[in-house]
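Structure first, commentary second.
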């Protein structure tokens, strides 16, 4: 078969589920009914799930996650089928559920548009074939159309994923604020030491603390909040200033007079930059806190 065709992964029982639905029944159900019906669409190749053994479990999960289209037969409420359906609907849309006429679906699945077939009635089977092929074509033509309540809850705006993402962004912004406050304290201490050294004629003192910039650098590299380019340019400028300040602190003992004059000359500019970044970070944190 052509490797260019898209995979339609079929979730269905692989062993006996009732006196009527034996292992041979399910094999024939796939080989002579579902597979030919699916492959009437020339873009698709139908593949069947296998028994859930440890050595192929990863392969099944991979197929469930990456397959463009999945068909799940819910007849007889097979536990493996429901497990595989749950995996699929946690990761991707593009799933069609089918079942034999008379199957009573649980509440969780009842709201989903399941297509029913009846092997004993020709007219109902023709109706099923038509609806099933239309559903397949719709999945092929509209792969991103939502059909999983699970995935809609976990991803997208206003959903669980975004709430988690927002909370993580707030924690990161709080780390930036903590870093700004600490750096302002270090700046004040550094300036006091530099002024005292410039006035005195005795032994010079040197600070042991260094400016932190890991939280600011994370903000500039990942841009995990929605803001305009000027905000991130400010963060980048602040990070560069902190690098320059640490470089001066590291050579202070070797060039004391020049370093102290440089620090006192640039202190106001660098302090204002940290304060401006702190104000804008507080605004972004407040904006995120008010969402949802």
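The values are calculated or read from the model by the stated rules, or taken from the named source; none is laboratory data. Computed from a prediction, not measured in an experiment: that's the story for all the values here. Every residue, glycine as well, gets a Cβ built from its backbone with ideal geometry; the counts of neighbours run over all protein chains shown.
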Just one of (1) surrounded by fewer than 16 Cβ atoms within 10 Å (Cβ to Cβ); (2) modelled with pLDDT of 95 or more; (3) part of a loop (DSSP other than H, G, I, E, B) trips up residue 201, so point out which. (2)
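Out of curiosity, is residue 279 in the same structural domain as residue 192 (by TED's automatic domain parsing) and either surrounded by 14 or more Cβ atoms within 10 Å (Cβ to Cβ) or on the phi > 0 side of the Ramachandran plot (or both)? Steps first, answer last, please.
On the way: in the same structural domain as residue 192 (by TED's automatic domain parsing): yes; either surrounded by 14 or more Cβ atoms within 10 Å (Cβ to Cβ) or on the phi > 0 side of the Ramachandran plot (or both): no.
For residue 279, the condition - in the same structural domain as residue 192 (by TED's automatic domain parsing) and either surrounded by 14 or more Cβ atoms within 10 Å (Cβ to Cβ) or on the phi > 0 side of the Ramachandran plot (or both) - is not met.
Among the residues of the stretch 229-237, is any over 29 Å from the mean Cα position of the chain (by Cα) and under 17 Å from residue 279 (Cβ atoms)?
yes
Here is a yes/no grid of residues against (1) more than 24 Å from residue 133 (Cβ to Cβ); (2) outside the structural domain of residue 145 (by TED's automatic domain parsing); (3) at pLDDT below 95; (4) crowded, with 21+ Cβ neighbours inside 10 Å:
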| residue | (1), (2), (3), (4) |
| --- | --- |
| 12 | no, no, yes, yes |
| 39 | no, no, no, no |
| 54 | yes, no, yes, no |
| 57 | yes, no, yes, no |
| 61 | yes, no, yes, no |
| 67 | no, no, yes, no |
| 75 | no, no, no, yes |
| 82 | yes, no, yes, no |
| 88 | no, no, yes, yes |
For residue 57, state whether it is in contact with a strand residue (DSSP E or B) (Cβ under 9 Å, 6 or more places away or on another chain) and in a helix (DSSP H, G or I). no
Residue list for the stretch 1-35, restricted to those being part of a loop (DSSP other than H, G, I, E, B) and either touching a strand residue (DSSP E or B) at 6+ places or on another chain (Cβ under 7 Å) or free of Cβ contacts under 8 Å to residues at least 12 places away in the same chain (or both): 1, 3, 4, 5, 12, 16, 19, 20, 22
